[in-house]
Amino acid sequence: MLKIKNLHAVVEEQEILKGIDLEVKAGEVHAVMGPNGSGKSTLASVLAGNPKFEVTRGSILFKGKELLEMEPEDRAREGLFLSFQYPVEIPGVSMVNFMRAAVNEQRKYRNEEPISATDFLKLMRDKRELLGMDSQLVSRSVNEGFSGGEKKKNEIFQMAMINPLLSILDETDSGLDIDALRVVAAGVNKLQTKENATILITHYQRLLEYIKPDFVHVLYAGKIIKSGGPELALELEKKGYDWLIRP
Amino acid sequence: MIEQQYIDLFKQYRGELDANSVEGLNRHRDAAFEIFTEIGFPSLKQEEYKHSNIKRCFDADLGLNLRNIPVPVNPYDAFKCDVPNLSTYTYFLINDRYYDKAEQTENLPSGVFVGSLQQFAKEYPIQFDAHYAQIADMSDNGIVAYNTLFAQDGFVVYVPKNVEVEKPLQLINILRGGVDLNVNRRILIIAEENARVKLLVCDHAVDDVHFVVTQIVEISAGASAQVDFYELEENSEKVTRLNNVFSEQKENSNVVTSGITLHNGYTRNNYRFRLLGEHAEAHAGGLAICDKTQHIDNFAFLDHAVPNCTSNELFKNVLKDKATGVFCGKILVEKDAQKTQAYQTNRNLVSSDTAQMFSKPQLEIYADDVKCSHGLTTGQLDEDALFYMRARGIDKEEARLLLMVAFTRDVVDMVRIPVLQERLITLIDKRFRGELMRCGNCEVCK
């Protein structure tokens with residue numbers, strides 16, 4: 001589904017990613033771990049197409065198409081979803097209008113009719129219940145006045161609404177208390193199928209107790225320095241990153 | 001001197017001017033003449049008019065319909081309003097004249113007068129004399145003096161003590177003319193003690209000629225009265241609109257005004273609010289969406305004369321192409337006006353290198369126990385929000401539109417008529433999409 005080859009990216013003239021190689025297949029869950037400043041969030045932003053980052057070398061094939069040649073909106077329509085580390089507050093744009101626009105843009109891309117009002121409301125209700133979100137939240141402006149935990153839940157709610165092929169969850173666990181983490185993880189697990197895939201970007205092993213990864217990668221100084229199975233996460237939890245950085 | 005031709009015109013046609021108006025209006029012309037000949041139109045040299053060239057607006061060959069030659073128009077045929085079905089009370093001014101054939105489907109509450117200024121002057125001389133040209137101070141304002149010099153008719157809303165007009169009133173100003181015209185129009189709103197009324201004024205130019213319009217609005221809010229005054233401008237680019245809104249409030253009264261400039265040519269809105277009784281509240285909103293070479297200049301003066309009053313101003317502009325926006329917000333808190341709360345916000349979105357925004361907050365505070373604030377920002381759309389929306393599959397242009405509509409939202413929220421709020425959101429959305437051509441729905445523009 002996703003093939004990243006020798007990816008280099010800079011932000012404000014500083015090279016953050018220095019040659020990433022990663023392959024993700026349908027049905028897989030990958031965890032990307034690493035200390036602060038290693039480039040994890042940059043990788044997520046580059047995949048989603050954030051214009052603040054410039055890719056200087058490499059390629060990203062998504063379903064065989066070059067992602068780097070696509071606008072962010074087209075990447076999303078192709079099925080890529082980024083759960084933001086810092087979801088943006090958009091005063092004046094209601095969650096309802098925002099979600100309707102997003103869902104309909106995806107449908108338009110697939111040559112489908114816009115969703116009917118009743119189907120849309122039902123979809124909203126179902127997915128809201130999946131995440132245990134207050135109905136009040138979805139009637140407000142996008143993320144405006146949401147707590148940290150509510151914002152993260154809202155990201156997964158949007159993911160559930162859009163039903164993407166590849167979800168990149170950037171530090172979705174940060175700012176969540178243990179109950180919220182369980183709900184969010186359960187939501188992510190429910191959405192996981194054989195056809196889609198997930199990349200979890202996280203500092204902590206904690207999230208991986210709830211969402212079981214098939215592969216774990218350690219990102220350090222812009223490169224993946226170690227890859228392994230779920231046991232690697234446990235090892236990192238015990239030993240930290242130092243033994244990998246300075247072997 | 002640009003003023004001379006108008007001074008000569010007045011001298012020459014004084015007789016016809018008076019003959020086609022009524023004594024109540026005519027009585028003020030001498031004083032207006034004296035002031036106008038002395039101060040003339042505002043000039044660019046005046047600080048408050050630094051960015052709006054008023055003299056130039058009048059430096060043209062403009063006709064005045066002083067003899068009240070009827071303009072052949074049936075407003076119901078010529079024009080479909082963009083805010084339909086808002087009210088069961090819809091009224092029209094054709095240029096400055098009251099259109100007396102408007103059909104009303106319901107009766108107004110008893111004692112309420114809504115109609116022509118001339119008729120009001122004759123039938124309610126006491127109320128007329130107490131308010132007309134009394135709230136709008138012309139001593140230092142050449143446009144008010146000029147308007148008072150030539151005004152012959154206009155529109156009045158009079159709501160007596162303890163009466164509430166529940167359904168909003170709607171006044172549609174239609175500009176018609178075969179030649180370039182100067183129109184001088186008056187609006188008078190009197191809400192006596194504990195009276196309540198809401199008025200929406202829609203401005204439309206129907207013909208493709210130049211119009212230079214002066215409009216003087218006088219609002220008197222008695223003790224505990226509530227007045228809502230909303231204006232929606234959808235004029236052609238050939239219209240110059242020089243609007244002056246004067247509001248005086250007694251204790252516990254509450255006045256909301258909002259000026260929404262959806263489509264215009266050259267607009268100057270002056271607002272002057274005087275809070276004269278304790279615990280009075282004034283809320284002034286303004287929103288303009290301008291492109292091409294459109295010009296919007298909002299000047300708001302909030303005068304806190306007594307303690308314990310609240311004022312809140314929110315003015316927003318969205319500018320692109322070579323549009324110009326100006327905002328000046330003056331707050332005066334007089335010496336005894338303790339416990340004043342006065343808030344002012346001006347936010348502007350400027351989305352081209354050639355559009356210009358001039359903004360100036362001006363606070364003069366002579367009391368020591370007050371809460372006053374002002375905030376001013378001019379910038380572009382939030383890039384993070386834009387990316388966030390695109391990352392959900394929303395088209396870049398669509399995301400920009402949604403963000404621009406969102407930007408206008410808090411001004412719309414100040415409007416206290418829910419159906420009008422909804423309608424405004426739709427119209428603003430259409431305006432950003434370029435679907436609101438010229439003056440919207442009139443037959444001539446179609």
Exercise. Going by the structure shown, is B:Leu242 in contact with a Leu (Cβ under 8 Å, 6 or more places away or on another chain) and in contact (Cβ under 8 Å) with a residue 40 or more places away in the chain?
Worked result: no
Seminar exercise, completed: Conditions (1) touching a residue at least 12 places away in the same chain (Cβ under 8 Å); (2) out of contact with any Asp or Glu (no Cβ under 6 Å at 6 or more places or on another chain) -> B:Gly277 fails only (2)
For this session: Could you give me the residue pairs with C-beta distances under 6 Å whose first residue belongs to region B:365-389 and is away from chain A (no Cβ under 14 Å), whose second residue is hydroxyl-bearing (Ser, Thr, Tyr) wherever it lies, and which are 6+ apart or on separate chains?
Result: B:Val370/B:Thr340; B:Ser373/B:Tyr343; B:Gly375/B:Thr345; B:Leu376/B:Ser359
Exercise. Does any residue of region A:36-49 turn out to be within 14 Å of chain B (Cβ to nearest Cβ), in contact with a Lys or Arg (Cβ under 9 Å, 6 or more places away or on another chain) and outside any helix (DSSP H, G or I)?
Worked result: yes
For this session: Could you pull out every one of the strands (runs of 3 or more DSSP E) wholly within region B:121-225 that has 3 or more residues that are touching an Asp or Glu at 6+ places or on another chain (Cβ under 6 Å) and closer than 25 Å to B:Ile39 by Cα?
Result: B:181-191
Exercise. Considering only region A:78-120, how many residues are without any contact (Cβ under 8 Å) to a residue 24 or more places away in the chain and either facing chain B (nearest Cβ under 7 Å) or closer than 18 Å to B:Met404 by Cβ (or both)?
Worked result: 3
Problem set entry | Tally of residues being more than 18 Å from B:His51 (Cβ to Cβ), buried (at least 24 other Cβ atoms within 10 Å of the Cβ) and within 18 Å of the chain's Cα centre (by Cα) across region B:312-336 | 1
Exercise. How many residues does region B:261-309 hold that are of a type in the set (Ser, Thr, Tyr) and out of contact with any strand residue (DSSP E or B) (no Cβ under 6 Å at 6 or more places or on another chain)?
Worked result: 1
Exercise. Does A:Lys151 satisfy being among the charged types (D, E, K, R) and either more than 11 Å from chain B (Cβ to nearest Cβ) or assigned to a helix (DSSP H, G or I) (or both)?
Worked result: yes
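Rundown of residues vs (1) within 14 Å of chain B (Cβ to nearest Cβ); (2) on the phi < 0 side of the Ramachandran plot; (3) outside any loop (DSSP other than H, G, I, E, B), yes/no style:
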position: A:Pro164; (1), (2), (3): yes, yes, no
position: A:Thr172; (1), (2), (3): no, yes, no
position: A:Leu181; (1), (2), (3): no, yes, yes
position: A:Ala185; (1), (2), (3): no, yes, yes
position: A:Asn189; (1), (2), (3): no, yes, yes
Exercise. Do the conditions hold for A:Leu232, that is, is it in contact (Cβ under 8 Å) with a residue 60 or more places away in the chain, part of a helix (DSSP H, G or I) and over 19 Å from A:Lys153 (Cα atoms)?
Worked result: no
Exercise. Got at least one residue in region A:61-76 being in contact with a strand residue (DSSP E or B) (Cβ under 8 Å, 6 or more places away or on another chain), buried (at least 18 other Cβ atoms within 10 Å of the Cβ), basic (Lys, Arg) and more than 7 Å from chain B (Cβ to nearest Cβ)?
Worked result: yes
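Coordinate-derived values only; no laboratory data. No experiment lies behind these values; they were computed from the predicted model shown. Because the Cβ atoms are built from the backbone with ideal geometry, glycine has one as well, and the counts that use them run over all protein chains shown.
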